[in-house]
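Notes follow the structure.
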Amino acid sequence: MNPVPVGTLYGISVGPGDPELITLKGLRLLKQSPVLAFPEGIQGKPGVAQQIVAPWLGRDQVQLALAFPYVQDMETLTQAWQIAAKQVWHYLQFGQDVAFVCEGDVSFYSTFTYLAQTLQQLHPESRVQTVPGVCSPMAAASVLGIPLTVRQERLVVLPALYNVGELETILDWADVVVLMKVSSVYPEVWEVLRRHQLLDHACVVERATLPEQVIYADLRDRPTLKLPYFSLLIVKVSQSRH
């Protein structure tokens, strides 16, 4: 008897929030996979990725919530990735495909990367495929109605700014700066932008493309903002040089 072929783990990018921003390929694989995996939400609530794909789910699909703690401790994170990989392998080893959905793009600061790498370390025979999607800087530029970059502009994306001094250096040579998950350091960032006279060239977008999306298009009178986790800030440095 031939062994059952191992199933494929699909990393499906589902975009920043609007369910219509998922690609046709991602939607096809999402619908045909018998198992749907996603990061579990906080305090028992559905996670962002789970909410995005809710309109497309079938009744017969297994829904697998995986726990990824919001911590910096590598030992805790590694243990979570290993547990999640074992949960996914439970289905893959019997030939069932698993579609892991992740907000934004799966290759852009994504939890999926750690899951896939851990799975392949534990089970080298596993198969992984990814589907690209819309990441939050592109979505934010779209809702702002601006190009993210033009001509020869130099773009810098910072995933989380724990060292504000790094921003000081980058503003000296970058043309466009995107600060991901800026909520925890917003007051410090605001002060840096004030010193560089960039407050009127900066915008904050929270929950881009979602119904509860909020845009702050001029930061001059906003030294403090209570921002959610999914917020980013775009600075068009090049505009201040004209």
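Might you let me know whether the range 140-153 holds any residue that is of a type in the set (A, V, I, L, M, F, W, C), surrounded by 15 or more Cβ atoms within 10 Å (Cβ to Cβ) and touching a Ser or Thr at 6+ places or on another chain (Cβ under 6 Å)?
Scanning the range 140-153 turns up no residue that is of a type in the set (A, V, I, L, M, F, W, C), surrounded by 15 or more Cβ atoms within 10 Å (Cβ to Cβ) and touching a Ser or Thr at 6+ places or on another chain (Cβ under 6 Å).
Show the residue pairs that are 6+ apart or on different chains and have beta-carbon atoms under 9 Å apart, the first residue being within the range 137-157 and free of Cβ contacts under 8 Å to residues at least 40 places away in the same chain and not assigned by TED's automatic domain parsing to the domain that holds Glu103, the second being part of a helix (DSSP H, G or I) and not hydrophobic (A, V, I, L, M, F, W, C).
Once the first residue is free of Cβ contacts under 8 Å to residues at least 40 places away in the same chain and not assigned by TED's automatic domain parsing to the domain that holds Glu103 and sits in the range 137-157, its partners that are part of a helix (DSSP H, G or I) and not hydrophobic (A, V, I, L, M, F, W, C) give Val150/Ser238; Arg154/Ser238; Leu155/Pro137; Val157/Pro137.
Within the range 36-49, identify whether any single residue is assigned to a helix (DSSP H, G or I), more than 23 Å from Gly7 (Cα to Cα), without any contact (Cβ under 8 Å) to a residue 60 or more places away in the chain and of a type outside the set (Gly, Ala, Ser), and answer yes or no. Don't jump to the end; show me each part of the working.
Initially, the range 36-49 is screened for residues assigned to a helix (DSSP H, G or I), giving 48-49.
Those still in the list that are more than 23 Å from Gly7 (Cα to Cα) too: 48.
Still in the running and without any contact (Cβ under 8 Å) to a residue 60 or more places away in the chain: none.
Within the range 36-49, none of the residues are assigned to a helix (DSSP H, G or I), more than 23 Å from Gly7 (Cα to Cα), without any contact (Cβ under 8 Å) to a residue 60 or more places away in the chain and of a type outside the set (Gly, Ala, Ser).
Determine if the range 47-69 includes at least one residue that is modelled with pLDDT under 95, touching a strand residue (DSSP E or B) at 6+ places or on another chain (Cβ under 6 Å) and either more than 23 Å from Gly26 (Cα to Cα) or aromatic (Phe, Trp, Tyr) (or both).
yes
I'd like the full set of residues that are out of contact with any helix residue (DSSP H, G or I) (no Cβ under 7 Å at 6 or more places or on another chain), under 23 Å from Pro69 (Cβ atoms) and at pLDDT 95 or above, limited to the range 109-129. Outline the logic, then answer.
Start the filter on the range 109-129 by keeping residues that are out of contact with any helix residue (DSSP H, G or I) (no Cβ under 7 Å at 6 or more places or on another chain), which leaves 109-113, 116-117, 120-121, 124-125, 127, 129.
Restricting the remaining residues to those that are under 23 Å from Pro69 (Cβ atoms) gives 109-113, 116-117, 120-121.
Residues satisfying the conditions are Phe112, Thr113, Ala116, Gln117, Gln120, Gln121.
It is to be established whether one or more residues within the range 119-131 are of a type outside the set (A, V, I, L, M, F, W, C), in contact with a Lys or Arg (Cβ under 9 Å, 6 or more places away or on another chain), over 25 Å from Phe230 (Cβ atoms) and outside any helix (DSSP H, G or I).
No - not one qualifying residue is present in the range 119-131.
Based on what the data block shows, is Leu233 surrounded by 20 or more Cβ atoms within 10 Å (Cβ to Cβ) and not in a helix (DSSP H, G or I)?
yes
Residue by residue through the range 82-115, note down the ones that are under 14 Å from Pro34 (Cβ atoms), small (Gly, Ala, Ser) and in contact with a strand residue (DSSP E or B) (Cβ under 7 Å, 6 or more places away or on another chain).
Correct list: Ala99 only.
How many of the residues making up the range 50-86 are surrounded by 18 or more Cβ atoms within 10 Å (Cβ to Cβ) and in a helix (DSSP H, G or I)?
Counting residues in the range 50-86 that are surrounded by 18 or more Cβ atoms within 10 Å (Cβ to Cβ) and in a helix (DSSP H, G or I) gives 7.
Kindly provide the set of residues from the range 136-166 that are assigned to a helix (DSSP H, G or I) and over 24 Å from Leu210 (Cα atoms), ordered by number.
Of the range 136-166, the ones assigned to a helix (DSSP H, G or I) are 136-144, 164-166.
Those that are assigned to a helix (DSSP H, G or I) and over 24 Å from Leu210 (Cα atoms): Val164, Gly165, Glu166.
Of the numbered conditions (1) farther than 22 Å from Gln96 by Cα; (2) within 16 Å of the chain's Cα centre (by Cα), Ala49 fails exactly one; give the number of that condition.
(1)
Looking at (1) in a helix (DSSP H, G or I); (2) closer than 20 Å to Val53 by Cα; (3) within 14 Å of the chain's Cα centre (by Cα), find the lone condition where Val101 falls short.
(1)
Considering (1) over 20 Å from Pro159 (Cα atoms); (2) crowded, with 18+ Cβ neighbours inside 10 Å, say which one Val178 fails and leave the rest.
Single failed check for Val178: (1).
Can you pull out every residue in the range 12-35 that is of a type outside the set (Lys, Arg) and either part of a helix (DSSP H, G or I) or not assigned by TED's automatic domain parsing to the domain that holds Asp105 (or both)? Talk me through it step by step, then tell me what you get.
The first filter runs over the range 12-35 and keeps only residues of a type outside the set (Lys, Arg), leaving 12-24, 26-27, 29-30, 32-35.
Within the range 12-35, Pro19, Glu20, Leu21, Leu24, Gly26, Leu27, Leu29, Leu30, Gln32 meet the criteria.
Test of understanding: among Ser238, Ser184, which residue is of a type in the set (S, T, N, Q) and within 22 Å of Gly17 (Cα to Cα)? It would help to see each step written out before you state the result.
Working: Ser238 fails: within 22 Å of Gly17 (Cα to Cα).
Within the list Ser238, Ser184, the selection yields Ser184.
The values are calculated or read from the model by the stated rules, or taken from the named source; none is laboratory data. The structure presented is a predicted model; accordingly, all values stated were derived computationally and were not measured. Positions of Cβ are generated from backbone atoms using ideal geometry, with glycine treated the same way; all protein chains shown enter the neighbour counts.
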